[in-house]
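Worksheet: the structure to be examined is printed underneath.
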Amino acid sequence: MADTAVTLSLQSRFRDAMAGVCSPVAVVTSRDGDRPHGTTVSAFMSLSMEPPMIAVALDHGSDLLAAVRAHGRFGVNVLAAPQHDLAGAFARKGAAKFDGVSWSDSHGVPKLADVAGWVACEATEFVVGGDHTVLFGTVVEADGGVDRPLTYFARTFGTHLPHEVPLPQGAVG
Ligand SMILES: Cc1cc2nc3c(=O)[nH]c(=O)nc-3n(C[C@H](O)[C@H](O)[C@H](O)COP(=O)(O)O)c2cc1C
């Protein structure tokens, strides 16, 4: 009983610590048969340059994860600052997440309109980490620029703003 209380308290402290990390936000997409499917994800990163690879962490219960296993490809749609409504819509469960959403097919996976960045991948490895699976993808197409990104920090959406004046040397924040 006492162990459970300690575990829960550690989880909640860990959750709070991670809420202080500013994350990018993407809609990761694939296909479930003929139907496009997508999920909002902040746990993704550039993994390798030679060859270009990306890593995405998905909950074992994610329907997108099952779709990627079957289809073999996925796309990472890096959201732009105004696209917080898309982030909310794709964080739900179900088959209707693409209703009313503009998208096109690119390299066999759905690319959303007006995203800040786009990466299409061949799924190469599925590595279990606790209650998530880390999906490794080899990049087959990428484009994007320096549009302001959508970010997630302290459980709210926002964006990045550069410092107007450079920080003095040795400053910590
Ligand atoms: C800002 C934000 C970031 C999220 N990041 C992740 C993530 O990195 N990995 C994950 O599995 N779920 C993440 N989620 C939760 C999924 O979007 C959510 O569980 C979704 O309903 C899963 O749908 P699916 O079963 O169709 O894949 C995030 C949600 C939000 C709002």
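The values are calculated or read from the model by the stated rules, or taken from the named source; none is laboratory data. If you're wondering where the values come from, they're calculated on a predicted model, not measured in any experiment. Don't worry about glycine lacking a Cβ; one is built from the backbone with ideal geometry, like all the others, and counts go over all protein chains shown. Side chains included, ligands, DNA and RNA excluded: accessible areas come from the protein's heavy atoms. Shrake-Rupley method; radii C 1.70, N 1.55, O 1.52, S 1.80 Å.
What to note about this one:
- Projected label distance in nm at residue 55 and residue 13, using a 7 Å step from Cα toward the beta-carbon: 2.5
- Length added when fully stretched, residue 156-residue 23, from 0.36 nm per residue minus Cα-Cα: 46.8 nm
- Rounded to whole Hz, the Karplus (6.51, -1.76, 1.60) HN-Hα couplings of the range 130-147, x for glycine and proline: x, 8, 10, 10, 8, 9, 9, x, 8, 6, 10, 7, 8, 7, x, x, 10, 4
- A 1.4 Å probe run over the chain, with the rest of the protein chains in place, finds 59 Å² accessible per residue.
- Share of carbon and sulfur in the accessible area of the range 23-158 stands at 55%, probe radius 1.4 Å.
- Most mobile of 140, 28, 76 in a GNM of the chain (Cα contacts under 10 Å): 140
- Compactness of the chain is given as radius of gyration and Dmax, 17.5, 55 Å, from Cα positions.
- Kirkwood hydrodynamic radius of the range 79-158, Cα pairs, Å: 14.6
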